[in-house]
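Note sheet for the following structure.
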Amino acid sequence: MSVEDKLKLLASSALQTLFSGHTVNAPISSFDLLTRIVASGSPSGLFPGSELPPKFRLTDLSRFERILERLSEEWDYGKIVLSREEADGELTVMDVQLGAQRESLSTRTQPTPLRRKRKRVVDEDDDSAAGRAEEDETPEKTEPWKPPPSTLESLNKTMKEVYNLMQQSTAKGRLLAEQFRSMSGSFEPICAHITKDECAKARRTTNPDSRGMPAICERIHFRPLLRAHTDPGLGHCSYLNTCYSEPTYAQSPSIPPLPSHRQVQYGAQGQGPVSLPSGLGAGGRGKEKAPCRYLHFEVDWDVNDGQGMIEQRQLARKKPYRLPLGLGPEHKETTPLPPQWINCDLRRFDYSVLGKFHVIMADPPWDIHMSLPYGTMTDDEMRAMPIPALQDEGLLFLWVTGRAMEVGRECMRHWGYTRVDEVVWVKTNQLQRVIRTGRTGHWLNHTKEHMLVGVKTVTDAEGNLKFPAWANRGLDTDVIVSEVRETSRKPDEVYGLIERMCPGGRKIEIFGRKHNTRSGWLTLGNQLGADQIYEEDLRARIKARYPERLLNAPP
């Protein structure tokens, strides 16, 4: 038996075990499924003899996908339905039906089981019935068990057409995506095969006769960092480039001290140099005795990579069709001011000097009853925040997690807001996979965060909630999928979402750091350095209230 056949047998048995035990459910990507198979290991007794059984590794994604395609054609344990994305070539297991093919095969090769049933004799006349008192045996067929139909198979032809239509983007959605598409070239697509070697193997397997085709695709690839203590068999580190043992963790000046070196008080958070404890393991949870042995990666890039992508970005794009969207509170297009910020203690600062804002975003240091690398504020301190003084009409975006999801809703009501929606940030890692080991969560590891969307509670004469007339509604979805970066740093996509809802107008972010400063926004925090203010009236109010403050003169 070849190695490929042994791996196919291993994959077949592992799939049957995982899906029959409901350890995994469809749909699931091929990479996630391979990860579960690697973690489960080889079942005992599958390969008798003294030879070592083969094992899958996370770098065997291409081989595993080929085996899945073979099993989708014929699988002894049932039926597998696959789907491959045309855009990035990612393979997904859409449905698994255990017993579908096996039962149908057994009904063709094995005789129908019989069950003997005794027919009762009615004894009307003892003399005459005595001679006929013999047992009649009649066969009774039992129908073989059939698995329940999947959700897709249970739909009729019309509903399947409707389902396919719903999977397609609308014309408005495509126009909005084109209109707000990033033109900076800072976002690069990542190859699903991770490394250049695996990408080249996949392209040779898919197109074996294409000679003029480049060896690898034009997307971003990674190379594994193999150090003396690295064990590739353990797989990827859950934290990758955000692992405390990685030098990349200390490269950003906005990262606060590590949990074992932090200062507890909120007013002192982030002060002092970042010092990495020697040998701190993945995630820093009680693993200071040994360095992280899991695989880490770095970008694998040279001057010859992605030439087609560069040429494509340099092509002149036609002017996109612009949908008629609202222009915001000022009802005209305005040029945003450069980033502004005020470095202060947010618990004691006089918010009345700031004026009114159309948008407020806050990422408070909630007390979620966990060890965190920064100081926190109590629930009473959060309720006492003078948020109502900053708005007469407008939107509030409030980041919450853990127990703060309930406390945040309570604070929002206490401040005079009505929650109207909620945005979910699904966190991905360096390789654009969903993270599996978050650093927060009492019961489950958190892979997401929530941002509550509230409207200042203003009602009309009939008691109905009045929404801001200038807000653009129905443009974005309530899910953001973005990579995790430094501690507490939120995705940049959220700013685009808010600025599309409210073009122009005054915007303020509370509890911000230097990486949060952005054109058109005023940022308040205690790690921002010297104040920078461009609004003349705001400068005058601050100088009158705090004569001792040094404000950087605008250039």
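When you go through (1) open to solvent by less than 50 Å² (accessible area, probe 1.4 Å); (2) closer than 19 Å to LEU82 by Cα one by one for VAL38, which number turns out not to apply?
Just one mismatch for VAL38, condition (2).
Of the residues GLY416, GLY402, which is at pLDDT 95 or above and either open to solvent by less than 20 Å² (accessible area, probe 1.4 Å) or not hydroxyl-bearing (Ser, Thr, Tyr) (or both)?
GLY416
What is the residue count in region 159-174 for residues that are farther than 26 Å from ILE80 by Cβ and open to solvent by 90 Å² or more (accessible area, probe 1.4 Å)?
2
Would you mind stating whether ARG436 is surrounded by fewer than 20 Cβ atoms within 10 Å (Cβ to Cβ), charged (D, E, K, R) and not in a strand (DSSP E or B)?
So ARG436 fits the description; yes.
Could you list, in sequence order, the residues of region 155-211 that are more than 24 Å from the chain's Cα centre (by Cα), part of a loop (DSSP other than H, G, I, E, B) and modelled with pLDDT of 75 or more?
Residue satisfying the conditions is ASN156 alone.
Looking at (1) over 32 Å from the mean Cα position of the chain (by Cα); (2) under 13 Å from PHE511 (Cα atoms), which one does GLY355 not meet, given that it meets all the others?
(2) is the only condition that GLY355 fails.
Given (1) over 30 Å from GLU298 (Cα atoms); (2) out of contact with any Cys (no Cβ under 8 Å at 6 or more places or on another chain), where does ASN429 come up short, assuming only one miss?
(1)
What are the residue pairs meeting all of these: first residue in region 347-376, first residue without any contact (Cβ under 8 Å) to a residue 12 or more places away in the chain, second residue open to solvent by less than 10 Å² (accessible area, probe 1.4 Å) and hydroxyl-bearing (Ser, Thr, Tyr), Cβ atoms under 8 Å, and 6 or more apart or on different chains?
none
Yes or no, residue by residue, for (1) in contact (Cβ under 8 Å) with a residue 40 or more places away in the chain; (2) not basic (Lys, Arg):
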residue: ILE508; (1), (2): yes, yes
residue: HIS515; (1), (2): yes, yes
residue: ARG518; (1), (2): yes, no
residue: GLY525; (1), (2): yes, yes
residue: ALA530; (1), (2): yes, yes
residue: TYR534; (1), (2): yes, yes
residue: ARG539; (1), (2): no, no
residue: ILE542; (1), (2): yes, yes
residue: ARG545; (1), (2): yes, no
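Given (1) buried (at least 20 other Cβ atoms within 10 Å of the Cβ); (2) out of contact with any Asp or Glu (no Cβ under 6 Å at 6 or more places or on another chain); (3) of a type outside the set (Asp, Glu), where does ARG383 come up short, assuming only one miss?
So the condition that ARG383 fails would be (1).
What pairs come up if the first residue lies in region 452-470 and is farther than 17 Å from ASP421 by Cα, the second is β-branched (Val, Ile, Thr) and open to solvent by 60 Å² or more (accessible area, probe 1.4 Å), and their beta carbons are under 8 Å apart, counting only those six or more places apart or on different chains?
Listed by first residue and then by second, the contacts come to nothing, as the list is empty.
How many residues are touching a residue at least 24 places away in the same chain (Cβ under 8 Å) and under 31 Å from the mean Cα position of the chain (by Cα) if we restrict to region 386-409?
16
Among the listed residues GLY474, GLY496, identify the single one that is surrounded by fewer than 21 Cβ atoms within 10 Å (Cβ to Cβ) and on the phi > 0 side of the Ramachandran plot.
Result: GLY474 is the single residue among GLY474, GLY496 that is surrounded by fewer than 21 Cβ atoms within 10 Å (Cβ to Cβ) and on the phi > 0 side of the Ramachandran plot.
So in region 521-555, with the set limited to residues that are surrounded by fewer than 21 Cβ atoms within 10 Å (Cβ to Cβ) and of a type in the set (Gly, Ala, Ser), which one is farthest from LEU176 (Cα to Cα)?
Looking at the filtered set, the residue picked out is ALA544.
Using beta carbons and a limit of 6 Å, which pairs, at least six apart or on different chains, have the first residue in region 11-28 and touching a residue at least 24 places away in the same chain (Cβ under 8 Å) and the second one assigned to a loop (DSSP other than H, G, I, E, B) and surrounded by 16 or more Cβ atoms within 10 Å (Cβ to Cβ)?
GLN16/TYR77
From the list LEU82, LEU61, pick out the single residue that is within 24 Å of LYS196 (Cα to Cα) and modelled with pLDDT of 85 or more.
LEU61
Going through GLU548, GLU535 one at a time, which residue ends up being among the charged types (D, E, K, R), within 25 Å of GLY375 (Cβ to Cβ) and more than 35 Å from the chain's Cα centre (by Cα)?
Every option except GLU548 fails the conditions.
Regarding VAL423, is this residue in contact with a strand residue (DSSP E or B) (Cβ under 6 Å, 6 or more places away or on another chain), aliphatic (A, V, I, L, M) and either modelled with pLDDT of 90 or more or open to solvent by 50 Å² or more (accessible area, probe 1.4 Å) (or both)?
Here the answer is yes, as VAL423 does meet what is asked.
Restricting attention to region 346-363, which residues are part of a loop (DSSP other than H, G, I, E, B), closer than 13 Å to GLN391 by Cα and open to solvent by 40 Å² or more (accessible area, probe 1.4 Å)?
Selection gives LYS356, HIS358.
Right, SER371: of a type in the set (Ser, Thr, Tyr), part of a helix (DSSP H, G or I) and either on the phi < 0 side of the Ramachandran plot or touching a strand residue (DSSP E or B) at 6+ places or on another chain (Cβ under 9 Å) (or both) or not?
The answer is no for SER371.
Take the conditions open to solvent by less than 40 Å² (accessible area, probe 1.4 Å) and at pLDDT 90 or above and apply them to VAL479. Does it pass?
So VAL479 does not fit the description; no.
The values are calculated or read from the model by the stated rules, or taken from the named source; none is laboratory data. What you see is a predicted model, and the numbers here were worked out from it, not measured in a lab. Note that we place each Cβ from the backbone using ideal geometry, even for glycine, and neighbour counts take in every protein chain shown. The protein model used for the area step is the full one, side chains on, heavy atoms only, and it has no ligands, DNA or RNA in it. Shrake-Rupley method; radii C 1.70, N 1.55, O 1.52, S 1.80 Å.
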